[in-house]
Amino acid sequence: MMGAAAALWGASYLFIKVALDDVSEGGIVCIRTALGAAVLLALAQRSGALDSLRGHGRWIFVIAIVQVAAPFLLITFGENHIDSQLAGILVSSAPIFTALLALRFDRAGRMTGWGAVGIAVGMLGVVLLFGLDLSGDVDTLAGGLMVLLASFGYAVGAMLLKRRARGVEPVAAAGANMAITALVTLPLFLATLPDHAPALKTVGSLLVLGVGGTGFAFLWFYTLIRDLGPARASVIAYIAPGFSVLYGATLLDEPVTVGAIAGLALILAGSCLAVQGRLPARLSRSGPSRSSAHAPARAR
């Protein structure tokens, strides 16, 4: 589940980059979340999971804005100014932010000494990336900051999902968040409708981005948050950037620079230390329990 979600998310930055040729930023977010919502809500309805949303409407709306609407828009706007692979690398800093938030909001997930080292190493990677690959001009710097802020939103959303949406089935939470985001961004889409028919590659990119990267990938991610907690679920961020670099270099001919590789290595090493430094000892030794590894059928 983690590997499949990482492969789809790593490709999302590629599909966004392609779709920007024909569709506005608000249009991309609206279309991808509408498609994702169609898949997820159908699955939630079929399994009876929608009932679990009762009593959680306010927090589900907040999570949708913080973890989906704002990050999706920030990443899409940011990719106007930076390569898709750099966007994927910056998003991989989410576990660093998750570890920082745990200091204040997640007592059970607080890090040990190695966790603090991991945060410092990861942040060094972000600084290196901005210093070498994102320092060309103001627009490039702004694009990088947008994506980094989106990464923070992912971390905040995961924490809120764990604390404020307990008992909500992952498929229902993911579907509701996508539907809310589609409605919130619909005015942006209608205000920036394209003046020409999108190319076939744009249509294909939006379909895969919506159904795969926004639908099934978020279902798997929310399931992992519920079963393993936000810290272990954020391990997806270790794997996805490798896919984004591979896709960007081979399919979009984006240059793979020394700064990008060094920044990625430091961010992922720091993320790994931050998470491993604060996992419960039982999980660190033995991995997820049998009950965690086998989620209920309807959650999958």
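Each reported figure results from applying straightforward, stated rules to the coordinates on display, with no laboratory input. Keep in mind that this is a model prediction, so the values were computed, not measured. A quick note on method: Cβ atoms are made from the backbone with ideal geometry, for glycine too, and the neighbour counts reach across all protein chains shown.
Considering only S47, S84, S93, the mean-square fluctuation computed in a Gaussian network model of the chain, springs between alpha carbons under 10 angstrom, is largest for S47. Considering only S271, S52, S244, the Gaussian network model of the chain with Cα springs below 10 Å gives its largest mean-square fluctuation to S52.
Proximity of backbone amide H atoms, modeled 1.01 Å from N, is registered between L134 and no other residue at under 5 Å, excluding neighbours fewer than 5 places apart on the same chain. Per-residue Karplus couplings for segment 47-55, computed as 6.51 cos²θ - 1.76 cosθ + 1.60 with θ equal to phi - 60°, are listed in order as 8, x, 6, 4, 4, 6, 7, 4, x Hz, Gly and Pro entered as x.
Between L266, L50, L251, find the one with the highest GNM mean-square fluctuation for the chain; connect C-alpha pairs within less than 10 Å. Of the options given, L251 has the highest mean-square fluctuation.
Full extension from L132 to D21: what is 0.36 nm times the residue separation minus their Cα-Cα distance, to one decimal in nm? Mind dumping the intermediate values first?
Numbers: separation 111, 0.36 × 111 = 39.96 nm, distance 2.68 nm.
Value of the extension gain: 37.3 nm.
Evaluate E = 1/(1 + (r/R0)^6) for R166 and V203, where r is the Cβ-Cβ distance and R0 equals 30 Å; express this FRET efficiency to the nearest 0.05. After rounding, the FRET efficiency stands at 0.20.
Placing +1 on each Lys and Arg Cβ and -1 on each Asp and Glu Cβ, with no other charges, gives the chain a dipole about its Cα centre of roughly 1920 debye.
Take W59, W220 and order them by how many other Cβ atoms sit within 10 Å, fewest up front. Numbers along the way, then the final one.
Details: W59 17, W220 25.
So the ranking, lowest neighbour count to highest, is W59, W220.
Computed from the C-beta positions of L141 and A249 and an R0 of 22 Å, the FRET efficiency is 0.45 to the nearest 0.05. Its relative contact order, with pairs defined as Cα atoms under 8 Å and 6+ residues apart, puts the chain at 41 percent.
Sequence-ordered 3J(HN,Hα) estimates for segment 152-158 from the Karplus curve with 6.51, -1.76 and 1.60 and θ = phi - 60° stand at 4, x, 4, 5, 4, x, 5 Hz, glycine and proline given as x.
Farthest toward the positive end of the dipole of segment 113-234, out of V127, L183, A173, is the Cα of A173, where the dipole comes from beta carbon charges about the Cα centre.
The label-point distance for V256 and R104, in a model that sets each label 7 Å from Cα toward Cβ, rounds to 3.8 nm.
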